Amino acid sequence: MMGAAHRNQVMAARGRRRALLVALVLTAGGLHAGTALSAPAPSSAFVRVNQVGYPAAASKRAYLMASTAETGAAFTVRNASGQAVLSAPVGADLGSWSSAYSHVYPLDFDAIATTGSYTISVSGPVPATSPSFRVDSGANVYAEPLANALSFYQTERDGPDFIPNALRTAPGHLNDQNAMTYLTPSVNPSGRFSGDLTPLGARIDGSGGWWDAGDYIKGVQTLGYTTDLLLAGVRDFPGQMGAGAPTSDFTAEARFGTDWLLRMWDDTTRTFHYQVGIGTGNGSTVGDHDIWRLPQADDTFGGTDPLYRYIRNRPVFRAGPAGSLISPNLAGRSAAAFGLCFQVFKTTDPAFANRCLLAGQHIFDLADTAPKGKLTTYIPFSFYPETEWRSDLELGATELYFAVAGGGLPAGTPHTDPRFYLQQAAHWANAYITGPDDAADTLNLYDVSGLAHYDLHRAIGHAGNPADLEVTQAALLADMKKALDGALAQAATDPFGFGFPWATWDTTSHGAGLSVMASEYNELSGTNAYAGLSGRWLDNILGANAWGSSFIIGDGSTFPHCPHHQVANLVGSLDGTPPVLKGAAVEGPNGTLYRGFQTGMRNCLPDDSDPFAQFNSRAKFRDDIESFSTVEPAVDLTATSPLAFARQAAGLL
């Protein structure tokens with residue numbers, strides 16, 4: 001794992017990608033620290049649980065967080081009738097969370113396996129009672145969170161194929177169907193450019209896809225990664241995320257993302273486009289982050305006023321001239337999506353699958369394998385400053401291997417020998433393992449080795465474990481273990497056992513990604529080396545944390561009510577009652593709270609109250625429309641959660 005100081009520096013830079021930052025800075029006149037922490041009531045205590053529930057077969061832990069010592073206190077688990085079904089002493093003190101809450105104790109109740117609703121009460125110097133939670137099969141516990149995650153992506157749809165619901169009543173950005181392409185401008189770190197954009201004269205259909213986050217920009221960097229994870233879930237967990245899932249079939253949604261990726265690639269001319277929309281404008285044009293509105297307003301926003309020309313007619317940015325090399329991060333994750341597309345749709349829609357495979361192979365062949373300077377991600381690069389690209393190529397080659405190995409290839413397929421891609425995948429896996437970013441991160445947008453290693457391990461087995469590859473199954477497992485052991489070392493410093501620092505960016509996404517990796521490792525190794533951790537790291541982001549909040553909207557009894565998201569803010573409720581942006585994973589706790597009100601926002605905290613402030617330490621959480629650093633959702637942040645839920649539902653704990 002990377003050092004804490006370096007991690008925080010990198011994550012702070014990554015956080016600048018999130019929508020509306022520049023607008024908030026301009027509106028607020030600068031970035032401001034959060035409000036002063038309110039002191040807790042004297043001698044207060046709280047029981048924190050996974051509010052979604054616990055699979056009956058899983059290990060089960062809650063936490064008692066107290067302002068005073070409760071050594072020797074007992075806890076009782078009661079069923080819905082109030083009957084005590086388990087009593088036991090609290091565990092050994094796990095350490096201090098903050099100056100206000102200097103004691104955290106584990107409450108282990110693995111023995112509870114009977115389906116039902118429960119609460120935990122603590123009797124001791126300071127009594128406390130938990131919210132109710134469920135114990136059930138993994139399939140039943142995570143059925144609603146999976147359905148909620150699907151709902152989030154359906155709500156996040158752009159273009160004519162939107163899905164009407166309580167939050168969405170009209171399509172947005174229909175003008176994207178005939179969008180002008182532009183050269184990438186020179187911009188400063190906030191995205192501001194001088195003069196005007198330079199049109200290329202060619203128009204493409206850039207419609208569809210999901211909005212990236214709380215803004216309406218779309219980019220291959222985030223949508224490609226998201227599509228990879230959704231397609232992998234559909235392929236590997238058909239009963240949880242595919243055609244066999246009664247309420248959470250992601251097949252159509254995964255195809256929706258793939259459709260948009262195909263639109264951004266002209267296979268005839270070999271031209272790659274990577275972004276629709278621009279975040280920040282300048283003195284003569286308004287950008288996406290400068291206004292707060294619903295997406296359906298954009299096609300006619302401002303009438304004919306030229307100031308809003310790039311709101312009405314959004315620019316599409318070309319990565320380079322036809323046939324030019326493609327940044328390896330974008331090439332790898334796009335090739336992976338198209339390889340997965342062929343695997344998933346080969347039988348049900350062979351024409352679509354064939355388009356995907358040809359596009360994926362052509363893009364992979366154009367990957368820039370010796371990039372210089374900054375990778376191509378978004379405009380500006382500081383929104384998504386990825387540096388790790390080898391795992392993207394590993395993932396792309398692995399999924400193309402599975403596609404080609406399955407046979408039924410279309411005419412004109414450039415590479416028909418699956419060993420070509422297996423060797424490429426092994427090469428890039430070895431390059432990652434011996435490279436500068438090895439195990440410095442865990443599965444998330446910026447490092448996909450947690451999925452790439454898993455699939456490559458399976459590919460090597462599928463190929464009969466050839467001896468001439470640059471990496472072995474054992475080496476892949478060892479590298480996954482290295483990352484997980486780094487997470488364990490981090491967990492040992494946190495009384496709640498979270499494997500990622502709370503006081504940084506993307507905590508929710510990393511928690512779900514860690515859950516996936518722990519489950520994958522146990523599956524591949526045939527051991528229980530990380531038994532319980534896949535569930536425990538999910539517990540952390542679903543309520544078993546200092547704030548007692550789930551960080552996924554609609555999952556659990558306490559969750560963000562005021563996400564930094566335009567549609568949710570303008571159309572949804574402000575108190576957690578329907579309609580809410582169900583299934584959206586927000587940033588989560590962070591080391592810094594940002595403030596700044598923008599015209600048009602509906603303020604959920606008009607009195608500037610902050611019920612979570614008393615639980616803050618170095619890590620802070622604020623449920624407030626202005627706090628994009630803690631409550632802005634995004635498609636990439638959410639992508640690891642359905643995969644984590646599916647693994648739990650399938651019993652891969």
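The values are calculated or read from the model by the stated rules, or taken from the named source; none is laboratory data. Just so it is clear, the structure is predicted and the values come from calculations on it, not from any experiment. All Cβ positions, glycine included, derive from the backbone under ideal geometry; neighbour counts span all protein chains shown. Calculation scope for accessible area: heavy atoms of the full protein, side chains included, ligands and nucleic acids excluded. Shrake-Rupley method; radii C 1.70, N 1.55, O 1.52, S 1.80 Å.
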| task | Give the residues of the range 231-273 that are open to solvent by 10 Å² or more (accessible area, probe 1.4 Å), under 23 Å from residue 176 (Cβ atoms) and of a type in the set (Asp, Glu), sorted by residue number. | result | 259, 266, 267
| query | Which of the residues belonging to the range 337-352 are open to solvent by less than 20 Å² (accessible area, probe 1.4 Å) and under 20 Å from residue 425 (Cβ atoms)? | reply | 337, 338, 339, 340, 341, 342
| Sole residue being of a type in the set (Ser, Thr, Tyr), in contact (Cβ under 8 Å) with a residue 60 or more places away in the chain and open to solvent by 20 Å² or more (accessible area, probe 1.4 Å), chosen from 617, 627 | 617
| request: Output the number of the condition that residue 580 fails; it satisfies all remaining conditions of (1) more than 30 Å from residue 452 (Cβ to Cβ); (2) free of Cβ contacts under 8 Å to residues at least 60 places away in the same chain; (3) more than 21 Å from the chain's Cα centre (by Cα). | output: (3)
| task | Tally the residues that are in a loop (DSSP other than H, G, I, E, B) and touching a Leu at 6+ places or on another chain (Cβ under 8 Å), restricting the search to the range 378-410. | result | 6
| request: Could you grab me the full set of residues in the range 353-400 that are open to solvent by 10 Å² or more (accessible area, probe 1.4 Å) and among the aromatic types (Phe, Trp, Tyr)? | output: 364, 378, 381, 389
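Just to confirm my filter: which strands (runs of 3 or more DSSP E) fall fully inside the range 40-144 and include at least 1 residues that are over 29 Å from residue 503 (Cα atoms) and not aliphatic (A, V, I, L, M)?
The strands (runs of 3 or more DSSP E) meeting that bar are 74-79, 84-89, 116-123, 133-136.
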| request: Could you tell me which numbered condition residue 424 fails, if it satisfies all but one of (1) open to solvent by 10 Å² or more (accessible area, probe 1.4 Å); (2) over 28 Å from residue 351 (Cβ atoms); (3) part of a helix (DSSP H, G or I)? | output: (2)
| task | Search the range 273-286 for residues that are more than 15 Å from residue 222 (Cα to Cα) and assigned to a loop (DSSP other than H, G, I, E, B) and pair each with any residue that is polar (S, T, N, Q) and open to solvent by 10 Å² or more (accessible area, probe 1.4 Å) when their beta-carbon atoms are under 7 Å apart and the residues are at least 6 apart or on different chains. | result | 280/190
| message | Take the conditions open to solvent by 40 Å² or more (accessible area, probe 1.4 Å) and closer than 24 Å to residue 324 by Cβ and apply them to residue 205. Does it pass? | response | yes
| message | When you scan the range 488-496, do you find a residue that is hydrophobic (A, V, I, L, M, F, W, C), surrounded by 21 or more Cβ atoms within 10 Å (Cβ to Cβ) and either touching a strand residue (DSSP E or B) at 6+ places or on another chain (Cβ under 8 Å) or in a helix (DSSP H, G or I) (or both), even just one? | response | yes
